[in-house]
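What follows is calculated from the coordinates using simple rules that are stated; it is not laboratory data. Everything numeric here is computed off the predicted structure, so don't read it as measured data. Note: ideal-geometry Cβ built from the backbone for every residue, glycine included; neighbour counts use all protein chains shown.
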Amino acid sequence: GKDPPDARAARLREFFKMTVLLIDLFDASHIFWSPARLWSDAPQFRSAVAEMLISGMPPVLHLVAFRRSDDPGVEIVRTRGLALFGGQEIESRIPSGWTVAEMVKRLARLALDVILHGPVTEARHLRGLGPGEWVSLTPESGGDGRAALVRVEFGSNY
């Protein structure tokens, strides 16, 4: 919804606490998060929620799927399920020499920012995680029933 990020964060915290209680009640081994079509190991989800209650960081890897494109020759990673939180998904081309794990680490940070602070509303150019690294964010509106998209580009000054 359009509620302030603080109210959204408080609702999420309560929802996740309830989910952990349900995991315990049903002695669940896994949980399915349908917006991302993602299965999570229940004990891992429970510890991610416990961590969230201390740090304030939502369990992004249990809420958002990071999927590599199935198209041959297309080196893209795209989120699925992020639109629930910010009305948009994130997509990025994998820079040459990068692993999917390096991409997910960076895209997860951006997804976390959308979950905590809302959607990316204007093009932005930010410092990246590594020295000399930069990241460019370009929001695009959705269409044909698709969620809006933020195109992300990573680069380096070296």
Between Leu126 and Leu22, the FRET efficiency computed from the C-beta separation at R0 = 41 Å comes out, to the nearest 0.05, as 0.65
Mean-square fluctuation maximum in Gaussian network of the chain, Cα pairs under 10 Å, restricted to Thr99, Thr79, Thr121, hits Thr99
So, relative contact order of region 72-158 in percent, Cα under 8 Å, 6 or more apart, is 29 percent
Contact order relative to length for region 3-158, counting C-alpha pairs under 8 Å separated by 6 or more residues, stands in percent at 16 percent
Once both label points are put 7 Å beyond Cα along the C-beta direction, the Glu133-Arg109 separation in nm becomes 0.6 nm
Helix-only [θ] at 222 nm, the chain, -39500 (n - 2.57) per DSSP H run of 4+, per residue, nearest 500, equals -12500 deg cm²/dmol
With label points set 7 Å from each Cα along the Cα-to-Cβ direction at Ile54 and Ser34, the distance between them in nm comes to 3.3 nm
Mean-square fluctuation maximum in Gaussian network of the chain, Cα pairs under 10 Å, restricted to Leu25, Leu53, Leu12, hits Leu25
